[in-house]
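*Asks:* What follows is a single structure, and I will ask about it in a moment.
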Amino acid sequence: MADAENTFTVEIIAFPDLNPDEAAQALASPLGIPPERAAEQIERLPAVVKTNLPAAGAQQFVRSLLGAGADVRLTHNPTGQAKVYEARSVVQEKVEASAARMSQPPPPADAPSRRCVSCSYQVPAGDESCPRCGWNPARQQRHCTQCKGLIKPGMTTVIKSPAVGRTIGIVANVVVGAGAFYVGYRLGLLAAGALVGAFFAVAFAVIAASLNVSCEDCHRSARAAFLGSEERVGLWSRRIVCIVLAVAGLALAVGLGLPFINRQVLEHVSERGVYTAQLPRTHRDIEQDSMNVHTPLGRMKADTLAAINKRHDVALFTMFHFVLPDAVILDDPVKEHELLRYVMEGAIGNVGCEMLDTRDMIHYGAPGLEATFSGTYQGESVNGRARVYLFPGEIAMLLYAGHDPSVVDHPAGRRFFETFRFTPTP
């Protein structure tokens, strides 16, 4: 069975120098059919007469058709490349070659064979190229021992068909481009650049590993043992260029992607300890500010840390820190609950929202309160969830919010709450 990756289609175009009867007689022999059926084929020209032929079979069949006087089109199936052979030109070449041979004295009957300078094989007298390695000393080129095509560097060990290689390249670029656009939209340009760098690193690494020397016509690989020093240098120079580009892509991916390996952390340091909460990778930029919140104890100043990414479902993650006045004495759980409720109402009221569902909780032994909220701020819907904790002399509050009502149960927000830690000062 012929290799599907290296097959040919043969099409007869016309018999330019023969009448229909002569053409039918000439075509009957190559096709192995009666002249009557050959005449029917002549009427339908141009027409495909053979498909899926291997390289050697296609060459032999084309030669027989040219000898019968037909103009032929030979198409390489995997690549779609086609070449037209004209009977007149073939005849002319044969006449010129015959005249050239006749004008030269014939070689002696005992003419010695020559030794190939590339592989040391004994080349029969009269052969231009070495039948073992394909080296042609007159042209200083290497030719394929199978189809006589020119040998040159190319990708062969992974993708033998240029058409398949181009298709894979186009699909890969489209997929990576779409992925980079999505990642860039969600995580920013640095993340998109890291993805593109990783793609080029992998692509050039594969090319470097698979680069070889092959025939430009049938894509058959040349044996590495027969390559000359210049060919080896040319091959390795191309490999080195691909390796350098792969390393550059890897460096770009690591350099731009390293910040996304470690998550950003909201961290506030007070006299009594350190408050931390881990952000998702979608939120990188942290802003610091302060605000005043109305409570039963009067206006309280809150230090705030906020991370905003409006392209994400959860657009806002925030940490508030309040310091209680020294005169405040909370010796009753009811007072603690009321204080936490007023602090939360004051904080979310600053963005035009109201508390909805609430529940009491304990975190690291500190009493707390959790609530969902909803409202409108600057003409846009705001929904989210908040937690507030009462520590000795201080209050910490966490909040995440977005526009869609479903954001109140978003997994990223839940993880943000779960990573909250308080480390007391020794």
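*Asks:* In the list M344, M397, which residue meets the criterion of being within 23 Å of A307 (Cα to Cα) and in contact with a Phe, Trp or Tyr (Cβ under 6 Å, 6 or more places away or on another chain)?
*Replies:* Details: M344 fails: in contact with a Phe, Trp or Tyr (Cβ under 6 Å, 6 or more places away or on another chain).
Checking each option against the conditions leaves just M397.
*Asks:* Okay, moving on. Inside region 23-44, can you point out the residues that are under 21 Å from Q60 (Cβ atoms) and touching a residue at least 24 places away in the same chain (Cβ under 8 Å)?
*Replies:* Restricting attention to region 23-44, the residues satisfying the condition of being under 21 Å from Q60 (Cβ atoms) are 23, 25-33, 38, 41.
If the condition is that a residue be under 21 Å from Q60 (Cβ atoms) and touching a residue at least 24 places away in the same chain (Cβ under 8 Å), then A23, A26, L27, S29, P30, Q41 are the ones that fit.
*Asks:* OK, next. Output the residues belonging to region 27-56 that are part of a loop (DSSP other than H, G, I, E, B) and over 43 Å from the mean Cα position of the chain (by Cα).
*Replies:* Taking region 27-56 as the starting set, the residues that turn out to be part of a loop (DSSP other than H, G, I, E, B) are 32-34, 44-46.
Answer for region 27-56, where residues must be part of a loop (DSSP other than H, G, I, E, B) and over 43 Å from the mean Cα position of the chain (by Cα): G32, I33, P34, R44, L45.
*Asks:* If you take the residues of region 239-248 that are within 26 Å of W135 (Cβ to Cβ) and surrounded by fewer than 16 Cβ atoms within 10 Å (Cβ to Cβ), which of them is farthest from the chain's Cα centre (by Cα)?
*Replies:* Result: I240.
*Asks:* So which strands (runs of 3 or more DSSP E) are wholly in region 207-316 and hold at least 3 residues that are within 24 Å of V388 (Cβ to Cβ), of a type outside the set (S, T, Y) and at pLDDT 85 or above? Before you say what the answer is, go through the steps one by one.
*Replies:* Working: elements: 211-215, 265-269, 273-278, 286-295, 298-308.
By residue number, 265-269, 273-278, 286-295, 298-308.
*Asks:* Additional query: From (1) part of a helix (DSSP H, G or I); (2) surrounded by fewer than 17 Cβ atoms within 10 Å (Cβ to Cβ), pick out the condition that doesn't hold for G413.
*Replies:* (2)
*Asks:* Find the residue count for region 29-53, including only residues that are under 19 Å from E86 (Cα atoms) and among the aliphatic types (A, V, I, L, M).
*Replies:* 6
*Asks:* Any residue in region 129-148 that's more than 19 Å from G57 (Cα to Cα): show its pairings with residues that are buried (at least 20 other Cβ atoms within 10 Å of the Cβ) and charged (D, E, K, R) at Cβ separation under 6 Å, as long as the two are six or more apart or on different chains.
*Replies:* G134/R142; W135/R142
*Asks:* Can you tell which of A28, A39, A82, A56 is crowded, with 18+ Cβ neighbours inside 10 Å and either in contact with a helix residue (DSSP H, G or I) (Cβ under 6 Å, 6 or more places away or on another chain) or within 18 Å of C215 (Cα to Cα) (or both)? Break it down stepwise before answering.
*Replies:* Numbers: A39 fails: crowded, with 18+ Cβ neighbours inside 10 Å; A82 fails: crowded, with 18+ Cβ neighbours inside 10 Å; A56 fails: crowded, with 18+ Cβ neighbours inside 10 Å.
Matching residue, one of A28, A39, A82, A56: A28.
*Asks:* Hey, another quick one. Out of everything in region 321-334 that is out of contact with any Leu (no Cβ under 7 Å at 6 or more places or on another chain) and surrounded by 14 or more Cβ atoms within 10 Å (Cβ to Cβ), what residue ends up being modelled with the lowest pLDDT? Before you say what the answer is, go through the steps one by one.
*Replies:* First pass over region 321-334, keeping only residues out of contact with any Leu (no Cβ under 7 Å at 6 or more places or on another chain): 321-324, 326-327, 329, 331-334.
Right, trim to surrounded by 14 or more Cβ atoms within 10 Å (Cβ to Cβ) and you get 321-324.
Working: H321: 91, F322: 86, V323: 85, L324: 80.
Among those residues, the one meeting the criterion is L324.
*Asks:* Here's a follow-up. Among the numbered conditions (1) at pLDDT 80 or above; (2) closer than 29 Å to A208 by Cα, tell me where P162 comes up short.
*Replies:* Every condition holds for P162 apart from (1).
*Asks:* On to the next question. Taking strands (runs of 3 or more DSSP E) that fall entirely within region 340-392, which contain at least 1 residues that are touching a residue at least 60 places away in the same chain (Cβ under 8 Å) and under 23 Å from D313 (Cα atoms)? I'd like the intermediate steps shown before the answer.
*Replies:* Values: elements: 353-363, 366-377, 380-391.
Hits in region 340-392: 380-391.
The values are calculated or read from the model by the stated rules, or taken from the named source; none is laboratory data. Note that the structure is predicted; figures quoted are calculated from it, not measured. Neighbour counts run over all protein chains shown; Cβ positions are idealised from the backbone, glycine included.
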